[in-house]
1. Taking segment 202-230 only, how many residues are in contact with a helix residue (DSSP H, G or I) (Cβ under 9 Å, 6 or more places away or on another chain), closer than 10 Å to PHE154 by Cβ and of a type in the set (Val, Ile, Thr)?
2. Mind checking which pairs have a first residue in segment 74-95 that is surrounded by fewer than 24 Cβ atoms within 10 Å (Cβ to Cβ) and a second that is modelled with pLDDT under 90 and charged (D, E, K, R), Cβ under 8 Å, 6 or more apart or different chains?
3. For segment 149-204, which residues satisfy the criterion of being among the polar types (S, T, N, Q) and closer than 19 Å to SER121 by Cα?
4. May I ask you to list the residues in segment 282-292 that are surrounded by fewer than 19 Cβ atoms within 10 Å (Cβ to Cβ) and among the hydrophobic types (A, V, I, L, M, F, W, C)?
5. Find the residue count for segment 60-84, including only residues that are in a helix (DSSP H, G or I) and in contact with a helix residue (DSSP H, G or I) (Cβ under 8 Å, 6 or more places away or on another chain).
6. Yes or no: segment 244-265 includes at least one residue that is farther than 30 Å from GLN90 by Cα, in contact with a strand residue (DSSP E or B) (Cβ under 8 Å, 6 or more places away or on another chain) and aliphatic (A, V, I, L, M).
7. Name the single residue that is farthest from ASN286 (Cα to Cα) among those in segment 232-270 being hydroxyl-bearing (Ser, Thr, Tyr) and surrounded by 20 or more Cβ atoms within 10 Å (Cβ to Cβ).
8. Out of contact with any strand residue (DSSP E or B) (no Cβ under 7 Å at 6 or more places or on another chain), surrounded by 16 or more Cβ atoms within 10 Å (Cβ to Cβ) and within 30 Å of VAL271 (Cβ to Cβ), is that true of THR140?
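The values are calculated or read from the model by the stated rules, or taken from the named source; none is laboratory data. Bear in mind the structure is a predicted one, so any value in this text is a computation, not a measurement. Methodologically, a virtual Cβ is constructed for each residue, glycine included, from the backbone with ideal geometry; neighbour enumeration extends over all protein chains shown.
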Amino acid sequence: MRTRRLLAGVVAASAALLTACGSSNSSSSTATDGGSSATADKGTVRISGQNFTEAEIVADMYAAVLQQAGYTPDVHLVDTRDVYMKIFPQKLDVVPEYTGAIVEFLNGTYNGSNAAPVTLSDADQSITDAQPLLKKAGITLLDPSAATDSNAFFVTKDYAAQNNVSTLSDMKGKSVVLAAAPDCKGRLDCEGGLSDKYGIDITKILPLGYASPQTYNSVLKGESQLGETSTTDATLDSQGLVLLDDDKHIQPAENLVPAVSSDFLSAHPDVAAPLNALMAALTTENLTQLNAKVSVDRQKPEDVAAQFLADNGLD
């Protein structure tokens, strides 16, 4: 699902990031001093990641818990993964990541774009299997969270009730039009898996975009019956839409996970504990609620992050 970020501005953003990473000033968001100076300054921790809503919230959490641990966070968020991966881990220390996304990025980098997938639906096993890639890249993945954000498929609440469906398996044998990302056809985590694994008859794919207004509207109007989004889409309920459970697990594990420069971790092993504690506190349910506070309630990501940390004793 990480393909939703646009490539516009990548060159400029990359140049800015490369320049900014030599300073302690953040061009995106840096945790503010909450009045706690009990821990001595341990130096700067350079954080990057993508700048969509969920990633902004999580990056603010990373910055806050590492500041609480005595580091000075320097946060620069960019449009796409390939921008920060050009300088990670050489010039970055920590990145909020997703297990499948980071592993498959490295898989494609080292083994080619047509390499067989490494990731499975089990995050821990995926990380274990990816150790040769991670070691080659100089990256360590800490404890994965139970919180996941994978591709997912939705129908209207009326369709679900009328057809008695709550899982994708319940759609077996049904003929549907699918509104999805343009690259959906044949993909194992999209049309290919829906057809082959679930036995759903996809009569047509409308390339209307991933979690886009056009995809929502197509399903709501009945132009299509099935639409593609993410598991933490906070807008579905208010639109009268509902996710169907991926009970055959065609989606690879996309658990939130801290990606850390192995060299930085070796020099600063104490960064692991606060990040692992944060991962343990996050669930898919509360991550979806956090997204809703920003995308629906229009709260600021940094405020949402700060409140979550306070509520969970992580501030």
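1. Of the residues in segment 202-230, 2 are in contact with a helix residue (DSSP H, G or I) (Cβ under 9 Å, 6 or more places away or on another chain), closer than 10 Å to PHE154 by Cβ and of a type in the set (Val, Ile, Thr).
2. Close Cβ pairs satisfying both conditions: ASP79/ARG5; THR80/ARG5; ARG81/ARG2; ARG81/ARG5.
3. Pass one, segment 149-204, residues among the polar types (S, T, N, Q): 150-151, 156, 162-164, 166-167, 169, 175, 195, 203.
Scanning segment 149-204 gives SER150, ASN151, THR167, SER169, SER195.
4. Narrowing segment 282-292 to residues surrounded by fewer than 19 Cβ atoms within 10 Å (Cβ to Cβ): 283-286, 289.
Scanning segment 282-292 gives no hits.
5. Kept after step one, since they are in a helix (DSSP H, G or I), are these residues of segment 60-84: 60-68, 81-84.
Those left that are additionally in contact with a helix residue (DSSP H, G or I) (Cβ under 8 Å, 6 or more places away or on another chain): 60-62, 64-66, 68, 81-84.
Qualifying residue count for the region: 11.
6. Within segment 244-265, the first condition is being farther than 30 Å from GLN90 by Cα, and the residues that meet it are 244-251.
Subsequent filtering for residues that are in contact with a strand residue (DSSP E or B) (Cβ under 8 Å, 6 or more places away or on another chain) retains 244-247, 251.
With aliphatic (A, V, I, L, M) added as a condition, the list becomes 244.
Checked against the condition, which is being farther than 30 Å from GLN90 by Cα, in contact with a strand residue (DSSP E or B) (Cβ under 8 Å, 6 or more places away or on another chain) and aliphatic (A, V, I, L, M), segment 244-265 yields at least one hit.
7. Step one: filter segment 232-270 for residues hydroxyl-bearing (Ser, Thr, Tyr), giving 232, 235, 238, 261-262, 266.
With the extra rule that they be surrounded by 20 or more Cβ atoms within 10 Å (Cβ to Cβ), the set shrinks to 232, 261.
Working: THR232: 9, SER261: 28 Å.
So, considering only residues that are hydroxyl-bearing (Ser, Thr, Tyr) and surrounded by 20 or more Cβ atoms within 10 Å (Cβ to Cβ), the one farthest from ASN286 (Cα to Cα) is SER261.
8. On the way: out of contact with any strand residue (DSSP E or B) (no Cβ under 7 Å at 6 or more places or on another chain): no; surrounded by 16 or more Cβ atoms within 10 Å (Cβ to Cβ): yes; within 30 Å of VAL271 (Cβ to Cβ): yes.
Answer is no for this residue.
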